[in-house]
Amino acid sequence: MKKLIILISVLSILISKNLLADEGMWLPVLLEAQYDDMVTRGLQLSPEDIYSINNSSLKDAIVLFGRGCTGVIVSEQGLILTNHHCGYGSIANVSTVNNDYLTNGFWSNDFKEEIPIEGLTISILVSMRDVTNEILSQIPTNATEKQRKDIANKLCKNIAAENKTKPHIDAVVREFNYGNAYYLMIYEVFSDIRLVAAPPLFIGNFGGDTDNWVWPRHTGDFSVFRIYVNQNNESTNYSKNNVPFKPKYVAPVSKKGINKDDFIFIYGFPGSTTHFMTSKGIDLNVNLINPIAIDIRTTKLNIIENYSRNNDTIRLMYANKRAGIANYWKKMQGETIGINATKAIEKRHSQEQDFVNWLKSIDSLKKYANLMDTLYHYHQLAYPYEYIDRVLYEAYFSNEIIRFVQRTIYDIQRGIDDSWANKWCYLVNNFLKNNNLKLEQDLFLSTFKYLDSISKYLPNDLLKNKLNTEKNIEKSLFINFNELSVACLKNKINPKTIQKDPLYVFTSKLLDWYVKEILPMEDYYNNKLDSLYRMYTKLQSYYLPQNKYYFDANSTLRIAYGNVKPYHPADAITYIHYTTIDGMVDKALWGQAEDYKIDSTLLELFKNKDFGSYANDKGELPIAFISTTHTTGGNSGSPVFNGKGELIGLNFDRVWEGTMSDFYFDDTRCRNIMLDIRYMLFIIDKYANAQRILNEMKFAQ
Ligand code: ARG
Ligand code: ASP
């Protein structure tokens, strides 16, 4: 008897430990399987408080910021918090060398000073609905993958169109886990968005690229925006008569802070994960495709860096682009290290073998016993095409010069009329206005050589043309843009000459080859892989317990949760769960990197310990904290809530040792990084004296 009790308690420890593993991002309408666990660990809200169809709920305070970030509504007047790096492009766009809000920060003093951001939108989810049956019931069982995709796409479009009831309503049907499920998402899209405040760069991007994807972190990664609407509280285009948006729900801000082991949850729009990726897929991606992409990006970054160092105009012009290239450049390096350090490929492989054994043990599923081998096989076959695609993108088609050449090709193919040269010259001038020509020339010439790495795949005539282009490249019109612009002025643009240009010719041929030879093969293998992964994930939904099976991130609204926790990434190293301004000052005073700076105002506040009501119990001013919550790109700016649904932070990053969590989540070392909301409040209040912003926020009691 005693033995049995011991056995049961050992089992329940194993089970509860298992429950504590925090991998997963859950659709708010599918929380049931998680809900009890969340409550046991500290959630005090009802499912209805989190997501309600009929009443206002927490979900109404969560916004999709721009195309790739999350934000949260914190006032009755449509005030939005997101990350500084999410607002970065907008802030850079409204900055000039004389009014450099990116470097110096921006604090509007009243509504009139808030700056409209052209092109920025914010969307709020109105509702989501499972439409899986409406789609799958229309797909014949014997449909090929291509037929299946065509039918599904058409149905998705139809359902979306039926539900787009007003111009500012966006309706989309999203596919989940390779087409195992479909949900209709309805959003209200707001397009009059204004910048309210941003801290100076040394706060908002403290640590810069040196600290990016790294813990310990001291970045004040926040910025403040506002939604404006018409008099009826409806979304509309910018007008100076517009008024602040009155939201359905306002997230209460809490100054209570966090302690080790606290339960937290994150509500946001994670972009994309591939957590079912097989060991083979991980291996190819991380060990063969990432390295060349990293190499190409290193080259680009060095060039942009060299030009920006002593030229503020160039620095501002390229700030956003450079940050974009650098971000995944660093992430890919972390992924490769993390995957290898955790032996993720071997572990995943052995999980896959367990799964195969399970299949074999069930009569009705035996026939799928080859599934994993087939998946590995198709990954291997797809690999060269993925490699070529990636090199072409990183080294060629993402270059501004080549994008311009491509545009010209499409333009000429569409037909030339009398006004053609005029229109094209307008584009030429635009190019010169928006880019630094010398920098772009350098970028192009130094990345072009990476096409050597796919030479062995190029057909003979294309290879010959490539060598020829290399020899004549300096003569290309597209390299000598200034001459182009002079020719434009003199009305001397002749499409026939352009069509003979070496870069025009080579790019046309390369595109042709890509479209005819590479894309179809890639499509073919992707279709194969998609249908295999659909089967695989379907079987996994039977194999895994209900609270372990989740849909890969796909930019839809999700909830993830975990606990504030230290981690132990390597022998003798443990990182505690939070940082303070002491660490920031240390880095600024003693650190080597250019990315660590502090100004005298903040230093003064630090020296006087003038932290207002924002310090923790120990009298320290907290900056950031980490948890076991599963997040990915797109979760930046996501609100972090305590068990009561009070806002205690903004998510902004992951730790270096765990960047591979999109493929492989290891709860001993995957941690997300969040801004402690108290630091943001401190900066707004004590550093910027922008009490106007705090006064309109709703604070938790
Ligand atoms: N790594 C974070 C994310 O993927 C933050 C990037 C912005 N910060 C930076 N220093 N570039 O978006
Ligand atoms: N920094 C990311 C973002 O911008 C978040 C992450 O990848 O962890 O969404």
The FRET efficiency for residue 55 and residue 141, from their Cβ-Cβ distance with R0 = 41 Å and rounded to 0.05, is 0.50
Kirkwood hydrodynamic radius of segment 261-318 from all distinct Cα pairs, in Å?
15.5 Å
Run the quick spin-label model on residue 31 and residue 599: label points 7 Å from Cα toward the beta carbon, then report their separation in nm to one decimal.
4.0 nm
Can you give me the Cα centroid spacing of segment 562-606 and segment 637-694 in angstrom?
15 Å
Once Lys and Arg are counted +1 and Asp and Glu -1 for all other residues with Cβ under 12 Å from that of residue 306, the total becomes +3
Hits for the chain under the membrane-span-like helix rule (DSSP H, Cα axial span at least 15 Å, Kyte-Doolittle mean at least 0.5) are 2-20
Note: residue 574 to residue 427 extended length (0.36 nm per residue) minus current alpha-carbon separation gives 47.5 nm
Here the relative contact order (percent) of the chain, from C-alpha pairs under 8 Å and at least 6 apart, is 24 percent
Roughly how compact is segment 432-523, stated as its Cα Rg over 2.2 N^0.38 Å to two decimals?
1.22
Can you give the FRET efficiency for residue 113 and residue 515, using 1/(1 + (r/R0)^6), R0 = 51 Å, r = Cβ-Cβ distance, to the nearest 0.05?
0.55
7 Å from Cα along Cα→Cβ at both residue 500 and residue 154: what's the point-to-point distance in nm?
4.8 nm
In segment 138-152, which residues have a backbone nitrogen under 20 Å from the label point lying 7 Å from residue 161's Cα in the Cα-to-Cβ direction?
138-139, 147-152
Based on DSSP H runs of at least 4 residues, each adding -39500 (n - 2.57), what is the mean residue ellipticity at 222 nm of the chain after dividing by all its residues, to the nearest 500 deg cm²/dmol?
-14000 deg cm²/dmol
With N set to the number of residues, divide the alpha-carbon radius of gyration of the chain by 2.2 N^0.38 Å and report two decimals.
1.01
Assuming R0 = 22 Å, what is the FRET efficiency of residue 133 and residue 356, from their Cβ-Cβ distance, to the nearest 0.05?
0.15
Segment residue 523-residue 461, length gained on full extension (0.36 nm per residue, minus Cα span):
19.9 nm
Rounded to whole angstrom, the alpha-carbon centroid of segment 141-190 lies from that of segment 478-531 at a distance of 32 Å
Area of residue 393 that stays accessible when all protein chains are in place (1.4 Å probe, Å², to 10)
120 Å²
Kirkwood radius from Cα pairs of segment 568-643 plugged into Stokes-Einstein at 20 °C, 1.002 mPa s, gives D in µm²/s equal to 142 µm²/s
Percent of beta bridges antiparallel (DSSP, the chain, rounded to nearest 5)
95 percent
Translational D (Stokes-Einstein, µm²/s) of segment 358-438 at 25 °C and 0.890 mPa s when Rh comes from the Kirkwood sum over C-alpha pairs?
142 µm²/s
Under a 1.4 angstrom probe, counting protein chains only, how are 301, 467 ranked by accessible area, largest first?
467, 301
If I stretch the segment between residue 418 and residue 549 completely, what's the gain in nm (0.36 nm per residue apart, minus their alpha carbon distance), one decimal?
41.2 nm
Inter-label distance, nm, simple model (7 Å from Cα along the C-beta direction), residue 238/residue 410
2.5 nm
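The values are calculated or read from the model by the stated rules, or taken from the named source; none is laboratory data. Quick caveat: nothing in here was measured; it's all calculated off a predicted structure. Cβ: placed from backbone, ideal geometry, glycine included. Neighbour counts: every protein chain shown. Ligands, DNA and RNA are excluded from the accessible area calculation, which covers all protein heavy atoms including side chains. Shrake-Rupley method; radii C 1.70, N 1.55, O 1.52, S 1.80 Å.
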